[in-house]
Amino acid sequence: TTEIYTLSLHDALPISRKEMEKALQDSEQRAHALINAIPDLMFRMNRHGVYTDYKAANENLLYQADSILGKNNRDITPGWFADLVQEKINKALSTRELQEFEYQLNLETLGLREYEARMVPSGSDEVIAIVRDITDRKTTERALAEAEANARAIMEATSDILILLDESGKILDNNEAHASRYGHSKTEMVGKSVFEILPYDLARSRKKLIDKVTTSGLPENVEEFRNGRWTESTVYPVIGDDGNVSKVAVFGKDITDRKNNEIQIRRITSELEQLNAQKDKFFSIIAHDLQSPFNAIMGFSELLAESIHEKDYPNAGNYAEIILQSSERAMALLINLLEWSRSQTGRMEYNPVLFDFRPFVEDVVLTQADAARQKQITLIVNIPDELKVSADRQMIGSVLRNLLSNAIKFSYPDSKVYLNAKRDRKEFLISVSDEGVGIQETDLKKLFQLGEAFTSRGTHNEKGSGLGLVLCKEFVERNKGRLWAESIEGKGSTFYFTLPEVI
C-alpha cells in the first residue's frame, strides 16, 4: 500500500489513498449539494456548444438533462441565441475572463422571459454558465424607471420649486425651476449645500428649519420676501424604511401676484371704508345744511304772512329779504349737490373745448355781481384778452362760481376780490383772491376733504356747506389741473387752480 506523507510543524502524519478518496467524495458531495441549492439554471458546454452537463430548478427545467446532454445548443435553441452563446464561449475561452450578458426568450410554456447569464472558462475546452431568470426584477426596474420618469416630468412641468435635501442641507435633487433662480442648471445644483448657494444668515435659518422638520417629523410652512419676490414654501419630512427622517422635500410657490393682490385688496377696502365713512358724514352735513335754510324759509314765511295780515310792511320786507337769502343759499347748495351727484355717477361727461378765457370769466362774474354789490365789494378781473384754454366749460364755470361766491361771502364790505390768470411755465395759473377773514392754517387741510364739517360764517353771517370746494377740486382734477389755497387769518385768502397749456 502506497502511503502519502504530509508535513506539519511538529511531525508528519501518513494519509492513505482510501482516506483521500473519501475526502474527495465528500468534497464532491458538498459541491453537488451547493449546486443543487442554487435556484439558477446551470450548464456546461464544450467549445463547440455541445452540452456536457445541465442542471435547472424545477420551475425552470425546460429540458430534461438526458434530452440535451451531448446535443449542440444550435440544434435546440433559436439561431440568434445560438450565435450569441457561441460568441460568448469563444470569448470566455480566448480571454479567460467572465462573460456577462442578458437576453430575452419567448417560451411556449412561460411566455416572454428575461435572463441574465454569467459564463466562465472551465479548463481549456469547456465553459460553465449560470443563468438567472430576471423577468420580475426587470419588470420592477421598468416600473420604477417609468415612475421616476413620470415624477421627473411632473417636477419639470411645474413652475413651482421642488427640492430634496438631506439633513445636512445638501441638495440631493431639484428641478430646473429651482436651479434657474440661481442661474445654474439642475445638475450643477445637485450636491451643493445651502451654505454654498445662499447668504450665511439665510442658509443658517434654512438649516434650522430642516433640523426642526427632521426632529419633529412634521411639515413646516414658511413665507419669505427676497429679491423682490414672495415665496411660500412647505418643508415635508421624508421618512425612510427605518422610520427615521433623514431627508426633507421642499415645495415652493411664487406668490408675488397673490401678495400684491392682497395688498391691493386691503388698500381698496380701506379706501372704500374711508369713502363710505366720509359719505355718511357728508350726507349728514348736507341734511343739516338743507334743514337750516328751509327752517328759515318756513319760519319767516309764517312771520311774513302775519306781518302782511297786520299791515306791518317794514317787518314784512325784512322777512322777505331773509326768505330770499335762505332760498338762494338752499338753491346754491342743491345745484352743487346735483353737480357733485352727476360727477360721482358718471353722468357728467368731460367735454373739453378750446375757448377764449376772459369773456368766459366775465360771464361768470356777472352771476355774482348782485351778491358783491350788496356788500359793496369790487370784482377786479385781470386776464389777458388773448388767453385761450382747453377745458370743460361747465365744470370750470362751476369752479369759478364757487370760488367767487366764497370770496364774496368771506370778504369785508368795501373790499376787493381779484380774479387773475396767466401763463406759468407749461400751464395756466388762475387765482381768486379776497381781503376777508382768512382761514386758520390748521383748517386749510380740511377745505377739500369730503365729509369734513369745516364751514365758517361769512362777514354778513353767511354760511356754507363746504361741498363747493370738494366739487371744485374734483372738477379741476378732471380737467388735468391742481387746486390749492393759501391764507392769512384776518387778511384774506387766495385759491389757485391750474389748467394745462393748449398745444
query = Cα centroid distance between the stretch 387-408 and the stretch 225-277, in Å?
reply = 51
remark   = Counting sequence-distant residues (5 or more places) and residues on other chains, those with an amide H built under 5 Å from that of Ser411 are Thr459
Within straight-line cross-link reach of Lys207, lysines at Cα separation under 20 Å, skipping those fewer than 8 residues along the same chain = Lys170, Lys192, Lys247, Lys253
query = Which of the peptides 236-242, 268-274, 417-423 is most tightly packed, and how do the rest follow, going by the mean number of other Cβ atoms within 10 Å of each residue?
reply = 417-423, 236-242, 268-274
query = Excluding Asp392 itself, what net charge comes from residues whose Cβ is under 10 Å from its Cβ, given Lys and Arg +1 and Asp and Glu -1?
reply = +1
task = Return the long-range amide H neighbours of Ile255 (sequence gap of 5 or more, or a different chain), with a cut-off of under 5 Å between placed amide H atoms.
result = Trp230, Thr231, Glu232
query = Looking at this model, which pairs from Lys409/Lys491; Lys259/Lys480; Lys375/Lys491 are more than 24 angstrom apart at the alpha-carbon?
reply = Lys259/Lys480
message = On a straight-distance basis, which lysines could pair with Lys138 in a cross-link, Cα separation under 25 angstrom, same-chain partners fewer than 8 positions away excluded?
response = Lys55, Lys88
request  = For the stretch 222-273, with all protein chains present and a 1.4 Å probe, just round the carbon and sulfur fraction of the accessible area to a whole percent.
outcome  = 51
task = For the stretch 113-188, give the percent of accessible area contributed by carbon and sulfur heavy atoms, probe 1.4 Å, rounded to a whole number.
result = 53
task = Search the structure for amide H atoms under 5 Å from the amide H of Asn175, placed 1.01 Å from N in the peptide plane, and list their residues when 5 or more places away or on another chain.
result = Leu162
message = Please list 3J(HN,Hα) in residue order for the stretch 16-21, calculated via the Karplus relation 6.51 cos²θ - 1.76 cosθ + 1.60 where θ = phi - 60°; whole Hz, with x for glycine and proline.
response = 7, 4, 4, 5, 5, 5
query = In square angstrom, what is the accessible area per residue of the stretch 106-243 with a 1.4 angstrom probe?
reply = 61
key: the stretch 413-425 - phi-based ³J(HN,Hα) in whole Hz, Karplus 6.51/-1.76/1.60, Gly and Pro as x   = x, 6, 10, 10, 10, 10, 10, 10, 8, 7, 7, 10, 6
query = Which distance in nm do the two modelled labels at Arg266 and Arg358 give, with both placed 7 Å along the Cα-to-Cβ direction?
reply = 5.6
ask   = What ranking do 472-484, 67-79 get when scored by the average of other Cβ atoms within 10 Å per residue, highest first?
value = 472-484, 67-79
query = Rounded, prolate or oblate: which one fits the stretch 346-420, using the alpha carbon gyration tensor with axes a ≥ b ≥ c (rounded when a/c is under 1.5, else prolate when a/b beats b/c, else oblate)?
reply = oblate
remark   = For Thr367 and Lys253, extending 7 Å from Cα along the Cα-Cβ vector and measuring point to point gives, in nm, a value of 5.7
remark   = Sorting Thr139, Thr158 on solvent-accessible surface, 1.4 Å probe, most exposed first, gives Thr139, Thr158
task = Per residue of the stretch 143-156, in order, report the coupling 6.51 cos²θ - 1.76 cosθ + 1.60 (Karplus, θ = phi - 60°) as ³J(HN,Hα) in whole Hz, putting x for Gly and Pro.
result = 5, 5, 5, 5, 5, 5, 5, 5, 4, 5, 4, 5, 4, 7
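The values are calculated or read from the model by the stated rules, or taken from the named source; none is laboratory data. These numbers were taken from a predicted model, which means no experiment stands behind them. So basically every Cβ, Gly included, is an ideal-geometry build from the backbone, and we count neighbours across all protein chains shown. The accessibility values were calculated without ligands, DNA or RNA, using every heavy atom of the protein model including side chains. Shrake-Rupley method; radii C 1.70, N 1.55, O 1.52, S 1.80 Å.
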